[in-house]
């Protein structure tokens, strides 16, 4: 696919400093943050004590600090949890959303474009070193105020990289990429690639009443079932080892466009779910993400109905 860029500066970003940074986060997030090594990254979920999703985060060990980011809509809730539970004497935490930015580059030749756009600062990086980063793995390029943290992104169906830096540096990188004729993607295009990747967004496909397994966040690698205790663990562990959730986020594939808010109806005429988001994918055709009762197995044909009409759709399991 031809390369494209999009600005992710609207996401919440927070850094954690000190020897206890990963330990403090490990007591609040579902994944094994403490096991991260410099250059590693992972997905993790912040939960309420009742096991409901506050935020789906990305956590990066940058060596000098730990960076956490999440959807803008979940940022306030995540920041409030940190202020409540993390003692700044143990781990200094700083909200940096306003002073930093993030720009993403995806598509064919994305690594080479990033290296070119960074100019002299990329002397220690090559396209090959970026392409060999592990998923969500990262590395620093440049120094001081011009330093850029580059991450191999898995948030979209098209491979690419996220670049975190100061606002001024992000603006400069964007200008350099535009000079290389890298086009800016529309919000609708980005949404298509996100849904193709099966990544739920807080406030769209999940909210403060969602249990992480309902949004298949376990299948997306955001939960460790072997780590130590964390807030909300009892609910998550009980479901994993002894029970189940009553609904799951699924793809719906159809021949005609679907619409968010539509009801999902089974063969018996019972309402078994609702459409959370819907797009038309160039590669997959009309595609939606819906929360569907667990009794509706992948491969089942359902009817998606709203005030505009009714369309048949096939239920598909979301895979990373």
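Taken together, the values in this text are just the output of simple stated rules run on the coordinates, not laboratory data. All of these numbers come straight from a predicted model, not from anything done at the bench. Methodologically, a virtual Cβ is constructed for each residue, glycine included, from the backbone with ideal geometry; neighbour enumeration extends over all protein chains shown.
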Taking 274, 69, 188 and counting other C-beta atoms within 10 Å, the order from fewest to most: 188, 274, 69
Ranked by how many other beta carbons lie within 10 Å on average, peptides 138-147, 191-200 from highest: 191-200, 138-147
Acute angle (nearest 10 degrees) that the helix 187-197 long axis makes with the longest principal axis of the chain, alpha-carbon atoms: 70 degrees
Relative contact order (percent, whole number), region 1-138, Cα cutoff 8 Å, 6+ residue spacing: 35 percent
Choice from 278, 72, 123 with maximal GNM fluctuation in the chain (Cα, 10 Å cutoff): 123
Residue order, fewest to most surrounding Cβ atoms within 10 angstrom, among 91, 281, 319: 319, 281, 91
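May I ask what percent, to the nearest 5, of DSSP beta bridges between residues of region 4-191 are antiparallel? All intermediate terms of the calculation are to be shown ahead of the outcome.
On the way: 42 of 44 bridges.
Given both bridge residues lie in region 4-191, the antiparallel proportion sits at roughly 95 percent.
When only C-alpha pairs under 8 Å and at least 6 residues apart count, what is the relative contact order of the chain, in percent?
On the way: 698 pairs, mean separation 57.9, N = 320.
Result for the chain is 18 percent.
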Residues 259, 238, sorted so that the one with the fewest Cβ neighbours within 10 Å comes first: 238, 259
In degrees, nearest ten, helix 167-179 long axis to first principal axis of the chain (Cα): 80 degrees
Candidates 235, 33, 45, ranked by Gaussian network fluctuation over the chain, Cα under 10 Å, top entry: 235
Angle in degrees between helix 233-242 and the longest Cα principal axis of the chain, rounded to the nearest 10: 50 degrees
Value of relative contact order over region 205-285, rounded to a whole percent, pairs C-alpha under 8 Å and six or more apart: 26 percent
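Considering only DSSP beta bridges whose two residues both sit in the chain, what percent are antiparallel, to the nearest 5?
Details: 73 of 76 bridges.
Bridges in the chain are about 95 percent antiparallel.
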Most fluctuating residue given options 90, 29, 252, as computed from a GNM of the chain linking Cα atoms under 10 Å: 90
